[in-house]
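Chemist: To start, I am sharing the structure in question, which I have written as structure tokens.
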Amino acid sequence: MSARVVIIGAGSAGIAAATRLYEHGFRNVTILEATGRIGGRVHTVPFGENVIDCGAQWCHGEKNNVVYEMAGPLALLESSVVAEKNVLLKSDGEVVQQEQTDRLMILAERIVESEDLYNSGGTLGDFFVERFTKEVNEEKMKDIDRKLVRQFLEFYHGYQKGYIAIDSWYDYPADDDSEDCEGDDSLSWMGKGYKSILDLLMKRHPSQNNAEPIPIEKNIEFNKFVENIHWNKGPDQPITIRCADGSRYEASHVIITVSLGVLKENINTLFTPQLPSVKQNAIKGIHFGTVNKAIFEFETPFWTEMGNTFGLLWNSEELEKIRTSKYAWTEGVSAFFKIDRQPKLLGAWMMGKECRQAELIPDSEITEGILFLLGMFFKNKQIDQPLRMKTTQWFSDPYFRGSYSSPSLATRLLKTDYKDMAIPLTDSLGTPALLFAGEATNGLHYGTVHGAIKSGWREADRIINFYKK
Ligand SMILES: Cc1cc2nc3c(=O)[nH]c(=O)nc-3n(C[C@H](O)[C@H](O)[C@H](O)COP(=O)(O)OP(=O)(O)OC[C@H]3O[C@@H](n4cnc5c(N)ncnc54)[C@H](O)[C@@H]3O)c2cc1C
């Protein structure tokens, strides 16, 4: 098949689209990638005893999950340590009684999974706070200290902010149409990292020993930041693509997989002519939030006997103090977590506006702030200077501008949704010219790798079916 296809971005969606096209005989496929590597928000790097993931880390669920379908049968996934032993710590060092932690966590999870949420008419925050307040006042929960209840509510808000990548759960509409995949929600890659999925897509993973590798990596041009796509020049005219280094490419079809953050930032310059308003609305209306990780290696782990994840509960006295100090950004750390098959590593989840502020702070000050925080929450523990650390800066990075998408009240206000993100644009002859893939085009599974892969396949299939006709 000689049709010229250019794919913009070599993340999961781009690699999925390219491999699908290759398998259907398309050979004239070029991927233009802004960075010097493949994977995008799948970014596994060597650290500690093996690797860490700066972006996607867990395969979320099994049923209807294309990542699980590829990796599960090859025994490449295992249940993550974060699935159990949740501990809550207070800012004066007190460890919340495990029995109370478990009851509060079970209640909170039941509320966010409640079927009534969808039709509640407001936001996740409205629904959660109302239900939670009602249920903790019932007789069976009355023994739990009211201060702890209030602290837990704040903590759980922070936890959800990270899960959804949104600054407030009062901005997240309750009637969200996405679907969680059933099964184990946090499967880890057995010390090999999420990058394994890229090898699986290209059929070159060592466990796929009988498969013929798909040689699309030679079709990737690295360090090509696409600045403009001239897409509607008239019948039979190719689309022209201009990169920041001045190079130009021509194509019959362009699949755009860049993040929603990149689309938002470059909406006025990336497309000639400008995108139709339905598309612009979707790009503006869907939210693109930030979540970061800071991962530390310690010579002597001080948390091992205590648990696997550590939710942080603030007392108002310590919170006041920290808010007026140079460590104000540490309020954005909602929890610390252990990393699978890495006994010496401890990660910090950072979210909200504080995590965007923290991106501007040098690593040495991040370490100082995190040590300060650990000293408060893990009182009486001997905490030495970490050996090494790695932080992520997804928002400052011009090739991402954030972590992942979610619907928000603005999405509803602008009467748009993920379906509008996925609509392809045709030329005057009805040929699909500009096609859109990436996690933010998948309303069922946004914010995930499996959602991104499915969207890449969807757009590759659109081109394949066009030529079949
Ligand atoms: C901190 C974090 C944790 C996460 N955790 C999980 C998790 O545990 N499980 C999970 O399933 N998902 C997780 N995700 C989400 C998941 O990583 C993404 O949904 C998925 O990787 C997105 O893939 P994509 O192909 O849509 O986009 P991307 O991976 O962003 O790929 C787009 C590519 O386009 C390139 N690009 C950008 N602009 C241009 C341009 N102008 N020209 C050329 N190239 C360009 C980028 O460099 C990038 O390589 C996480 C993400 C983050 C950031």
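Chemist: Here are the criteria: (1) surrounded by fewer than 19 Cβ atoms within 10 Å (Cβ to Cβ); (2) part of a loop (DSSP other than H, G, I, E, B). Tell me which single one residue 205 does not satisfy.
Modeler: For residue 205, the exception is condition (1).
Chemist: Also: For segment 416-444, name all the residues that are more than 8 Å from the ligand (Cβ to nearest atom), over 13 Å from residue 255 (Cβ atoms) and not aliphatic (A, V, I, L, M).
Modeler: 416, 417, 418, 419, 420, 426, 427, 428, 430, 431, 442, 443, listed by residue number.
Chemist: Does segment 225-249 hold any residues that are surrounded by fewer than 22 Cβ atoms within 10 Å (Cβ to Cβ), within 9 Å of the ligand (Cβ to nearest atom) and not aromatic (Phe, Trp, Tyr), and which are they?
Modeler: Residues satisfying the conditions are 227, 243, 244.
Chemist: Please identify the pairs in which a residue from segment 35-53 that is modelled with pLDDT of 95 or more and of a type in the set (A, V, I, L, M) has its Cβ atom under 6 Å from the Cβ atom of a residue that is open to solvent by less than 40 Å² (accessible area, probe 1.4 Å) and part of a strand (DSSP E or B), counting only partners at least 6 apart or on another chain.
Modeler: Here the result reads 51/44; 52/295, each pair linking segment 35-53 to a residue that is open to solvent by less than 40 Å² (accessible area, probe 1.4 Å) and part of a strand (DSSP E or B).
Chemist: Any residue at all in segment 128-144 that's in contact (Cβ under 8 Å) with a residue 12 or more places away in the chain, more than 19 Å from the chain's Cα centre (by Cα) and assigned to a loop (DSSP other than H, G, I, E, B)?
Modeler: Yes, segment 128-144 contains a residue that is in contact (Cβ under 8 Å) with a residue 12 or more places away in the chain, more than 19 Å from the chain's Cα centre (by Cα) and assigned to a loop (DSSP other than H, G, I, E, B).
Chemist: Any idea which of 401, 412 is farther than 28 Å from residue 72 by Cα, in a loop (DSSP other than H, G, I, E, B) and either open to solvent by 40 Å² or more (accessible area, probe 1.4 Å) or outside the structural domain of residue 237 (by TED's automatic domain parsing) (or both)?
Modeler: Working: 412 fails: in a loop (DSSP other than H, G, I, E, B).
Exactly one residue qualifies, and that residue is 401.
Chemist: Take residue 458 and tell me if it is within 13 Å of the ligand (Cβ to nearest atom) and surrounded by fewer than 22 Cβ atoms within 10 Å (Cβ to Cβ).
Modeler: In short, yes.
Chemist: Now a separate question. Of the residues 25, 14, 39, only one is in contact with a strand residue (DSSP E or B) (Cβ under 7 Å, 6 or more places away or on another chain) and at positive phi; which?
Modeler: Every option except 39 fails the conditions.
Chemist: Here's something else I'd like to know. Where residues in segment 53-76 are open to solvent by 20 Å² or more (accessible area, probe 1.4 Å) and more than 23 Å from residue 444 (Cα to Cα), which of them is nearest to the chain's Cα centre (by Cα)?
Modeler: Within segment 53-76, the match that is nearest to the chain's Cα centre (by Cα) is 76.
The values are calculated or read from the model by the stated rules, or taken from the named source; none is laboratory data. Quick caveat, the model's predicted, so the values are computed rather than measured. Ideal geometry is used to build each Cβ from the backbone, glycine not excepted, and the neighbour counts take in all protein chains shown. We work out accessible area using only protein heavy atoms, side chains counted, and drop any ligands, DNA or RNA first. Shrake-Rupley method; radii C 1.70, N 1.55, O 1.52, S 1.80 Å.
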